[in-house]
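One structure is given here, and the rest of the page talks about it.
The values are calculated or read from the model by the stated rules, or taken from the named source; none is laboratory data. These numbers come from a predicted model, not from an experiment. Neighbour counts are summed over all protein chains in view; Cβ atoms, including those assigned to glycine, are modelled from backbone coordinates with ideal geometry. The accessibility values were calculated without ligands, DNA or RNA, using every heavy atom of the protein model including side chains. Shrake-Rupley method; radii C 1.70, N 1.55, O 1.52, S 1.80 Å.
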Amino acid sequence: MLRITEHPILGAPEKGRRVEFTFDGRTMSGCEGEPVAAALKAEGVMIHRYTSKRHEPRGIFCAIGRCTDCVMVVDGVPNIRTCVTPLHEGMDVRTQYGVTDRKDFGEEAR
Amino acid sequence: MKQKSEVLIIGGGIIGCATAYYLTKKGVDVTVLEGSDFIGNGGSSRNGGGVRQSGRDPRELPMAMWGIRNLWPGLSEELGADVEYVQEGNLRLGKTEKHKEILTGLTDAAVSCGLEVKMIDEDTVKEINPHLSDEVTSASWCPTDGHANPMAATLAFYRKARELGAQFYTGVPVSELRTVRGRVREAVTPDGIFEADKILVAAGYGSRAIAGTVGIDVPMTERKAECIVTEAQPRMFEQMLGTADADFYGHQTAHGSFVFGGMSGFEAFMENDGTTTSTSYGASCTCRGIMKYFPELASAKIVRTWAGWIDACADGVPVMSRVEEVPGLYLACAFSGHGFGIGPAAGYNLAELIADGETTVDLTPFRYDRFKPVI
Amino acid sequence: MMNDRSRDIGPFVPAPDDDMIVCRCEEITKGEIRRAVHDGMYTVTEIRRWLRAGMGLCQGQTCSKLVKGIAARELGISPALLEPASSRAPMRPTEMKVLGREEGACA
Amino acid sequence: MKRYDLIVIGAGPSGLSAAAEAASKGLRTVVFDENERPGGQLFKQIHKFFGSKEHKAKVRGYNIGKQLLQEAADAGVDVVLNAPVEGLYPDHEVTVRIGDSLRHFKGDAVIAATGASENMAAFKGWTLPGVIGAGAAQTMMNLHGIKPGNKVVMLGSGNVGLVVSYQLLQAGVEVAAVVDALPHVGGYGVHAAKLARTGVPFYLSHTIVEAEGEDRVKGVTIAEIDNKFNFIPGTEKHFDADTICVAVGLSPMSQLLKMAECDVPDDPSKGGQAPRVGAFGETSVKGVFAAGDVSGIEEASSAMIEGRITGLAAAESLGFITKQELEAETAGLENQLASLRRGMFAPGNKGRKITETDEGIALSESLLTQGYVADDEIARFPGVTKQRGIHPVIECTQNIPCNPCQDACRKGCIRIGKDITSLPAVDTDSQCVGCGLCVAACSGQAVFLVDEDYEEGYASVTLPYEFLPLPETGARGTALDRSGAPVCEAEVVEIRTSPAFDHTNLLTMKVPADMAMTARFFRNQKTESEAC
């Protein structure tokens, strides 16, 4: 369990209401308004994308929207920086392969 | 530093690097001086990557056609580096009747020069590029056009020329040319004088001041041009694009990103402030232009913008010429914003001109002394 | 000194960590960067243009110091002598629709 | 195009300070920040700050952020959040993303207070999910309430690495090791010591060989390095871990200033490319100023003062105050800044190896290489005295700019003197009443109360305790020494909490008398990882 319920300095984190979203089609839940990446982390999801060239996994790295390692396909749009994108009810979050959500890395589309 | 060579090239852009490559390949001893700290730092690394024949001035067309037939297809292999050349055609798009007229005019002129290019209707345009918006009603289509990666191509010429023994010095601006006994012989720099039997000035707009030191003037001016690049996107299309309205041009790169250029209308009124920083509004103008043609790119993110300075010639075509009145001097400048696509061909023919005196493509239309008052 | 592009920097010697990614966005390895230096790319700007190192989504925010360090070591000079690549707008990746929706624009 | 007298880019400590100061002089001022919350890094900083009262010492970072924001609001500053500045152009024009559009603003003056970005270290496997920046760990746990992992190896022993390691412990994350390629701990010794005594081991002259795992971090191998940074074969050590945090320094985030054609040379003493600035923060481009980390990596305390100076300078440049007023008002600030820039961690001492304190006392070698002061070294420092009855023991052994302990003691037991970087000395003539205010006030958690005469055969040790769950009075457990090694049984005899302590609880444990100068941490019997 990675969610902090009570912190010695900060107390209980202030969080939005619980909402459902999907990750690669699986229903998950998180707190409204928290970064999508935080919700995924709390659900144990580490891999956000596979890279274009080497097809290697990547996850959260900077958590502040700079490095863009955590990009995913969100509601059909690729390259969404999940660490700075607030979670909403019903979001469709998908692992990004290269620049698409297709495990063939969009090769067929070439 | 090697201060003496057979040929001295001033300018390390694609023209200078390509000429250096083809000269060294012929066994000529070449030195290249680049004023900035970087190879290919001017228009060579700032353009939209078009390798086009269509839309060109008829005087320039033979050179463009020759280069696309003879050099571009084998260039990656020849230089041992992927220059990302793609020959999937060029669409020049129109949205209005007026645009259609402009496109038809350009097409007719090119056809009369023997280029395979034609006007196509709305449906055919959509067949070639289904992502275009319904606003597009006509286009010219040249299937043998394409695009390449300007930075990779310029640096590949540099790398290969360097490998073959050409000497390159960056950060060495030439302030003056000097003649010795009636022939151009010396180039003055902060690092001393470089000597050569023949000197090619290929320094973009900077060529004007340099040639001016031996009394030669090329009527050209500087115009700012801006580009934008997106993050990598899923593959959409392979063609090179332009428009009748000149509101944008560009293509999707091998990397997946889109490189687009565009205009805001203020380009002719900017003074060169010595920077290549884009304006605060240029990218926005280009984005608006693109989205009218490609609504689905609205969510594509721009990661970078930049600007460059075009050496715009009085009559819109380059100068590639021997300067008879200053023996030993050669000029290659004023490429007017469309030098990249003909860069390899220009380099090839300039090398011939300098080394052999004869060229494969007729360079007469590009003579330095062609400019005459119109009134 | 950096300006002489034929300056002898010795041969390219393969290293065990050449396969290590340095530019995370564009997946450029240490070996590719070292190789590029030996190919005459003596500046960070040229390495960037040649390999795309630092040209990805983060625009070099993560790797620029690393690339500089590797290139400097290969060239046998202090990293401080290597000019870093230029900085360009926009500072953060920005959608076309946002850039295009501009206050005071004609359209 | 909307025009302001002053545009400040970045709502961190320097930006907010600059804006508040300028607005108080009458400048119409706006602050743009790309983040959802103002305060820059302050809002992730849950530790108490060093310094003196004027520098908001012993106030936790996020509270300083709130105070600054209030001050800016009171002065009439517009603070616009979620507003990344995308470009800084000629004529002081900035483009800002606000909502889903791009907006243009002009300022008669512009202050860039854009802060810093994290440096990275590349090693085999560093792209695996689970390798993160230390800032990312801080963001996740302190802003979003999510632990970055369950077991972390920290690379980097500078203040960021040390502070974030401690925060990880506070969030309930296990820290398996702190690793640094340098031969000495880079950050404040007190930050290292508070980690070490909880049992976190330090590996100096070590670095990461490999992040292990197929598709996420499963473990880490480190090894010792020689002085040429080559691994020494046979020195490899393995740790199971799901997270590797990288804290290898910061670089000024000067991209906007570079774009604006300011002169931005590479200056290793400033942490990277920092703008060349004049005495009051003006860059080489007229009307464009820089303050805080972007003009050279320092502490938030310095950034706040720099911000104020720059805000005043902007006011002067636009005729809101006179040159004389500027000089008069900045003189005091310059003095404060100078006092913060003294001591062994002063910018001028960067990279220098210091072997003794200003007082001429040999530094603890053990602190620099192991993270804690060895038992046989501690007695030589002036805060450590032997007295009858209860008294403070101040294990503050380096010259750092900080003095709240002196202010905290109403009985005059603690003396630092005029020079804020002097080591605190305990006055054996004064009468300690055991109030514990000094324990709670010490930002470095280096003050303990020791009573060797607590009970027959037993001593009491009072220590600062910022973990959950808070043990109850009567709880039995193990006392750990400065290195984190268990040394004896201990019983909690008192827990004191108070709003005045600001979440630093005082835990008093009873230990055998001979452990009075050894036992420095308490571990509950039943819980291995306390905060779950």
222 nm mean residue ellipticity, helices alone, for chain B (DSSP H n ≥ 4; -39,500 (n - 2.57); rounded to 500): -8000 deg cm²/dmol
Loop-located GluC sites (Glu not before Pro) in the range A:1-67 whose Cβ has at most 14 other Cβ within 10 Å (DSSP): A:GLU6, A:GLU14
Solvent accessible area, Å² - B:LYS372, 1.4 Å probe, full protein context: 140 Å²
Distance between modelled label sites at C:ASP18 and B:LYS4, nm, 7 Å Cα→Cβ extension: 4.0 nm
Percentage of interatomic Cα-Cα distances in the range A:19-99 larger than 14 Å: 55 percent
Inter-label distance for D:THR235 and D:ILE98, nm, one decimal - labels placed 7 Å from Cα along Cα-to-Cβ: 5.6 nm
Test item: Cα-centred dipole of the range D:398-532, Lys/Arg +1 and Asp/Glu -1 on Cβ, debye: 360 debye
Interface burial for A against C (accessible surface, 1.4 Å probe, total of both chains, Å², rounded to 100): 1200 Å²
Amide proton proximity set for B:THR243, modelled H, under 5 Å, gap of 5+: B:LEU93, B:PHE248
Efficiency of FRET from Cβ geometry, A:ASP75 and A:LYS103, R₀ 22 Å, rounded to 0.05: 0.70
Calculated FRET value between A:THR5 and B:THR137, using beta carbons and R₀ = 51 Å, to 0.05: 0.25
Contact surface D-A: accessible area buried, both sides summed, square angstrom, 1.4 angstrom probe: 2800 Å²
From the C-alpha gyration tensor of the range D:161-252, square roots of 5λ in Å: 20, 18, 13
Whole-angstrom Cα spans of chain B along principal axes, big to small: 65, 44, 41
Cβ-derived FRET efficiency at R0 35 Å, D:ASP91 paired with C:SER6, nearest 0.05: 0.20
Portion, in percent, of the accessible area of chain C that falls on carbon or sulfur, probe 1.4 Å: 53 percent
Environment charge at B:ALA298 (Cβ cut-off 9 Å; Lys +1, Arg +1, Asp -1, Glu -1): -1
With 10 Å bins from 0: P(r) over the range C:1-63, alpha-carbon pairs, percent: 23, 49, 26, 2
Exposed-loop-free span, longest in chain D, where GluC sites (Glu not before Pro) count as exposed if DSSP calls them loop and at most 14 other C-beta atoms lie within 10 Å: D:37-213
Ellipticity estimate at 222 nm from DSSP helix runs (n ≥ 4, -39,500 (n - 2.57)) divided over chain D, nearest 500: -6000 deg cm²/dmol
Global form of the range D:340-405, assessed from the alpha-carbon gyration tensor, a/c cut-off 1.5: oblate
Accessible surface of chain B [probe 1.4 Å, protein heavy atoms]: carbon and sulfur percent: 50 percent
Diffusion constant of the range B:151-307 at 20 °C, which comes from Stokes-Einstein with the Kirkwood Cα-pair radius and 1.002 mPa s, µm²/s: 114 µm²/s
Charge dipole (debye, nearest 20) of the protein assembly as shown; +1 at Cβ of Lys and Arg, -1 at Cβ of Asp and Glu: 400 debye
C-alpha center-to-center spacing [the range B:278-349, the range D:434-502] in angstrom: 72 Å
For the protein assembly as shown: accessible area per residue (Å², 1.4 Å): 37 Å²
Furthest towards positive pole of dipole, A:PHE23, A:CYS67, A:LEU87, structure part the range A:19-99, Cβ charges: A:CYS67
Fraction of accessible area attributable to carbon and sulfur, the range D:195-265 (%, probe 1.4 Å): 49 percent
Inter-site label distance for C:ILE77 and B:LYS118 at 7 Å from Cα along Cβ, in nm: 5.6 nm
Shape metrics for the range D:279-368, restricted to C-alpha atoms - Rg then Dmax, Å: 16.8, 55
D:ASP407 - accessible surface, heavy atoms, 1.4 Å probe, Å² rounded to 10: 80 Å²
nm² value of the averaged projected area, convex hull over the Cα atoms of the range B:180-231: 6.1 nm²
Volume in Å³ per residue [convex hull over Cα atoms, computed for chain D]: 151 Å³
Diffusion constant of the range B:231-303 at 4 °C, which comes from Stokes-Einstein with the Kirkwood Cα-pair radius and 1.567 mPa s, µm²/s: 97 µm²/s
Highest-MSF residue in chain B out of B:GLY328, B:GLY261, B:GLY80 [GNM, Cα springs under 10 Å]: B:GLY80
Whole-number D in µm² s⁻¹ for the range C:21-99, Kirkwood Cα-pair radius fed into Stokes-Einstein, 4 °C, 1.567 mPa s: 101 µm²/s
Over the protein assembly as shown: Rg over Rh, Cα atoms, Kirkwood Rh: 1.02
Heavy atoms of A:LYS41 accessible to a 1.4 Å probe, total area in Å² rounded to 10: 20 Å²
Unit charges on C-beta of K, R, D, E only; dipole of chain B, Debye: 580 debye
Between A and B, accessible area buried - total, square angstrom, nearest 100, 1.4 angstrom probe: 600 Å²
Alpha-carbon centroids, the range D:61-93 and the range B:193-233: separation in whole Å: 44 Å
Entries of B:LYS301/D:LYS147; D:LYS124/D:LYS147; A:LYS41/D:LYS56; B:LYS26/B:LYS198; C:LYS68/D:LYS258 with Cα pairs more than 27 Å apart: B:LYS301/D:LYS147; A:LYS41/D:LYS56
